[in-house]
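Report on the following structure.
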Amino acid sequence: MAKRNHSDIINIRGALKLYWSKWYLFVISVGCCLVLGFLFCRMYKQKFGVRANVLIVQEESNPMMTIGGLGELFGSSGYVDDEIFVITSHSLYRDVVRDLGLNKTHYVRTGFLKSELTYPNYPIDVYAAAGIIDTLKSTLTFKVKVDKDGLADVKIKGKYGKIEDVKDIKLPHTFKTNFGEFTVDRTEFYPKGEAVTSTILVTGYHSAAEDLALDITSEIANKKSNVIELSYDTPNAVMGEMILQDVIDKYNIRGINEKNLQGQKTAEFIDERLALLGADLSDAEGNIQQFKENQGIVDVRAEAAYQTNKRGNLEAQLLAQETQLEVLRMTLEFVDNPENRYQVVPTIVDNEAAASVINAYNSMIAERQNMLHTVKEDNQVIIRMNNRLDTYRTNIISTVNQNISRTRIAINDLRKQLGQTTGRLSSVPGQERTTIDMNRQLQVKQQLYLFLRQRQEENAMLLANAVPKGQLVDEPYTLKKPIGMGKMSIMIIALLFGLVLPPVYLYLMKLLRGKVETRKEIEQRTSAPILGEMCIDNTGKAMVVSPTDTSSTSELFRLMRANLLFIFNDANDKVVLLTSSKSGEGKTFISINLAASLALLGKKVLLVGMDIRLPRLSEYLGINNRYGLTQYLSSSDVSLDSIIVKGPENDLPTLDIILAGPVPPNPAELLASPKVDELFRTLRGMYDYIVVDSAPVGMVSDTFTLNRICDATVYVTRVNVTSTSDVDFIEEIHEEKRLKKLSVVVNGVKTKKSYGYHSSKH
């Protein structure tokens, strides 16, 4: 079958006519969409973008950049990434929610709509202890209605239904529930002397913090920057700025607390060591004094004579190295102690690499302690953090041990040099040498003591001048242009939806129905010629064509007759076969009146009922004859004259009829018999035109069997009855030439008022 491109052509004109005829659908659709758009605009709150930029101050370089080449693994932005995790942590958001009361949502009813109130203009509020809100797992709904006299009706609903329902109470009022005690009271913003209806939704801090985390986004401004950009889109710009500011404040407070915790631990460690060193110094000084008294040494000024510039320098260097070694040992002792596994390490070492590792370790310890407020130690986040802390601790031990080894090597080298110098001073008295050694040990302890006191002062200054981690680059501000659509845009979209919905609806209905609705659709789907179209008549007659009838229906049949005679372009063309796809398309009605129309020409016309499976011709015409076509074909005792009857109308004397007769047991074989061919050879000699009412071609094969005896075929279709697949089948038959001179009649078209058409049932 050849491709039918014409079946895909859009009939714009027909579509416009259809849409114009359905104008009321457009009016209803546009009206409903505009109303919905208006209601949506009443409830819709356009959001504003609130932004804030925070510079993260990194006091120490990332130790992972200098230890074992791990910087390539972790990247340069690891520190800021950790801070993003802190500033967007659940525990921090929970504190913000608690601080600003974000776990409560307030609505007031205006007409039949509910409007959300903006912070803090709440006429009525619900109060509860923080501990209750911390444990609240579901949302509680408080519906409060206060009349002008101040009497209130309060309904409390939970996840599983009503909790409280009281009427005519005075506010404030405390409700004892399974969740705890809640107090409902008026606020300073309550309009005195007015009735108020308010709905308050109360959720737990944890749940509200989760919702807040979904609304706030944070990201690094660029890969090489330490600036974090916070974004919050909200209908309430003022509230949004307050929330971002509180987030930053809470983050900085945590950073300061973290530094203070580290400083306090360092102070405790230094105080403990200073107390021990103080006792050692007292003992060392007492030992020297006792040795001098026992040895009779009054003055050791001669010691200076033994010293050379070289010995003085060597001893000064040795003293510094021994002091550093002692500090490193104290730090290693603290880190190696299992009891201090997750404790802040005192930062007293005077070594950049070691101090950098310790500071990073202490920051993560503080972060871990904050996380433990909201999660358990078996949480995967804590487990991963413990693994990272173990890595850091290993790096601290490794770094300190490396520094201890280097310090010991330096000490041994200095001692070797000092020993060589001392060996050359053999004249020094043993007592004075002993005194000098004791003084040197005393100086080591004094140097260590002074070092710790210096660290103590530095740590005190840090505690007194702790600065926030996050420095505001841009305070929370609101973008000038709102986010999302404006109300005008929403109404325009509603209008467009109203205009689009009817065509979509009509198209879908057409697809779902699958029926042809106009002649134009049939012409678009098949190349078979249109013999004519027939409107529906309301007379109730089977035969509407008569010599005296000048109705539009009769005129349409006359036009159909003229077109048929044009198709009969040969002198021997006499037999026209009428068929359809299914019952109910008007095939028999068209056959009767087409035959009557031909009879009006004064020609001898025969109407043959060859739909022998479901004969309707006798019912339509009201003729009851005991003989018919099936009896003639199946029996030699029935003559041709006995089955030919006159039509019911006396004014059509040239019209004869052969009824189908009783339904035979073998209709297909009967119509295929040679007697049918013999019959039509005889009838062609008796009549000018023969109209055959055959069976529907879409149901049985009888019509194709009868194609041998006809000269032309009329295929009857009916709008809103014939399916598009039936029309496609007509095109297939036409292209394959399975039926002779195929043409189509379109039945059931709408009445054309310009021609005075009227309705009927046919």
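One residue stands out in region 244-265 among those that are at pLDDT 75 or above and in contact with a helix residue (DSSP H, G or I) (Cβ under 6 Å, 6 or more places away or on another chain): the one that is nearest to Glu83 (Cα to Cα), namely Tyr251. In region 691-700, the residue that is nearest to Thr579 (Cα to Cα) out of those that are touching a helix residue (DSSP H, G or I) at 6+ places or on another chain (Cβ under 7 Å) and modelled with pLDDT under 90 is Val697.
To keep it simple, each residue is scored yes or no on (1) over 26 Å from the mean Cα position of the chain (by Cα); (2) surrounded by 13 or more Cβ atoms within 10 Å (Cβ to Cβ); (3) small (Gly, Ala, Ser); (4) assigned by TED's automatic domain parsing to the domain that holds Glu735.
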| site | (1), (2), (3), (4) |
| --- | --- |
| Ile493 | no, yes, no, no |
| Leu496 | no, no, no, no |
| Leu501 | no, yes, no, no |
| Val504 | no, no, no, no |
| Arg525 | yes, yes, no, yes |
| Gly540 | yes, no, yes, yes |
| Ser551 | yes, yes, yes, yes |
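From the list Asn103, Asn121, the lone residue that is surrounded by 14 or more Cβ atoms within 10 Å (Cβ to Cβ) and at pLDDT below 85 is Asn103. Between Val154, Val166, Val144, the distinction of being touching a residue at least 40 places away in the same chain (Cβ under 8 Å), touching a strand residue (DSSP E or B) at 6+ places or on another chain (Cβ under 7 Å) and not polar (S, T, N, Q) belongs to Val144 only.
For region 169-195, a residue qualifies if it is surrounded by fewer than 11 Cβ atoms within 10 Å (Cβ to Cβ) and either free of Cβ contacts under 8 Å to residues at least 24 places away in the same chain or of a type in the set (A, V, I, L, M) (or both), and the qualifying residues are Lys170, Lys176, Asn178, Glu188, Lys192. For region 522-542, the condition of being among the hydroxyl-bearing types (Ser, Thr, Tyr) and assigned to a strand (DSSP E or B) holds for none of the residues.
Residues checked against (1) modelled with pLDDT of 90 or more; (2) among the small types (Gly, Ala, Ser); (3) on the phi < 0 side of the Ramachandran plot:
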site: Ala672; (1), (2), (3): yes, yes, yes
site: Asp677; (1), (2), (3): yes, no, yes
site: Tyr689; (1), (2), (3): yes, no, yes
site: Ser725; (1), (2), (3): no, yes, yes
site: Lys741; (1), (2), (3): yes, no, no
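Specify the residue that is surrounded by the most Cβ atoms within 10 Å (Cβ to Cβ); the eligible residues are those in region 351-380 that are assigned to a loop (DSSP other than H, G, I, E, B) and of a type in the set (Val, Ile, Thr).
Within region 351-380, the match that is surrounded by the most Cβ atoms within 10 Å (Cβ to Cβ) is Thr374.
Contact list please: Cβ distance under 9 Å, first residue in region 24-37 and in contact (Cβ under 8 Å) with a residue 40 or more places away in the chain, second residue basic (Lys, Arg) and exposed (fewer than 15 other Cβ atoms within 10 Å of the Cβ), pairs at least six apart or on different chains. From residues that are in contact (Cβ under 8 Å) with a residue 40 or more places away in the chain, the pairs are Gly37/Lys487.
For the condition within 18 Å of Tyr715 (Cα to Cα), in contact with a helix residue (DSSP H, G or I) (Cβ under 9 Å, 6 or more places away or on another chain), touching a residue at least 24 places away in the same chain (Cβ under 8 Å) and surrounded by fewer than 23 Cβ atoms within 10 Å (Cβ to Cβ), Lys520 qualifies. Candidates are the residues of region 1-45 that are touching a helix residue (DSSP H, G or I) at 6+ places or on another chain (Cβ under 8 Å) and outside any helix (DSSP H, G or I); the one that is modelled with the highest pLDDT is Lys22. The selection criterion, being part of a helix (DSSP H, G or I), at pLDDT 90 or above and surrounded by 15 or more Cβ atoms within 10 Å (Cβ to Cβ), does not hold for Leu578. Residue check: is Ser218 surrounded by 15 or more Cβ atoms within 10 Å (Cβ to Cβ) and either touching a Lys or Arg at 6+ places or on another chain (Cβ under 8 Å) or in the same structural domain as Leu332 (by TED's automatic domain parsing) (or both)? No, not satisfied. Here is a check on your reading of the model: is Thr713 in contact with a Leu (Cβ under 8 Å, 6 or more places away or on another chain), at pLDDT 90 or above and outside any helix (DSSP H, G or I)? Considered against the rule, which asks whether it is in contact with a Leu (Cβ under 8 Å, 6 or more places away or on another chain), at pLDDT 90 or above and outside any helix (DSSP H, G or I), Thr713 comes out as yes. Spot the failing condition for Ile590; the list is (1) over 19 Å from Lys741 (Cα atoms); (2) surrounded by 19 or more Cβ atoms within 10 Å (Cβ to Cβ), and only one is missed. Condition not satisfied by Ile590: (1). Annotation: of all residues in region 318-350 being free of Cβ contacts under 8 Å to residues at least 12 places away in the same chain and not in a loop (DSSP other than H, G, I, E, B), the one that is surrounded by the most Cβ atoms within 10 Å (Cβ to Cβ) is Asn340.
Across region 688-696, a minimum of one residue is classified as surrounded by 19 or more Cβ atoms within 10 Å (Cβ to Cβ), over 17 Å from Phe589 (Cβ atoms) and of a type outside the set (D, E, K, R). Of all the numbered requirements in (1) among the aliphatic types (A, V, I, L, M); (2) loosely packed, with under 14 Cβ neighbours inside 10 Å; (3) modelled with pLDDT of 85 or more, Leu113 misses one, and that requirement is (3). Test Val473 against the criterion of being in a loop (DSSP other than H, G, I, E, B) and either under 30 Å from Phe85 (Cα atoms) or modelled with pLDDT under 80 (or both), and give yes or no. The answer is no for Val473.
Among strands (runs of 3 or more DSSP E) entirely within region 133-219, having at least 1 residues that are β-branched (Val, Ile, Thr) and over 21 Å from Val97 (Cα atoms) singles out 140-146, 151-158, 161-170, 173-177, 196-202. In region 186-240, which residue that is of a type in the set (Asp, Glu) and within 25 Å of the chain's Cα centre (by Cα) is nearest to Ile84 (Cα to Cα)? Result: Glu219.
Against the test of being touching a residue at least 60 places away in the same chain (Cβ under 8 Å) and either surrounded by 14 or more Cβ atoms within 10 Å (Cβ to Cβ) or more than 46 Å from the chain's Cα centre (by Cα) (or both), the options Gly486, Gly532 yield a single qualifying residue, Gly532.
The values are calculated or read from the model by the stated rules, or taken from the named source; none is laboratory data. On a predicted model such as this, the values are computed, not experimentally measured, just so you know. Every residue, glycine as well, gets a Cβ built from its backbone with ideal geometry; the counts of neighbours run over all protein chains shown.
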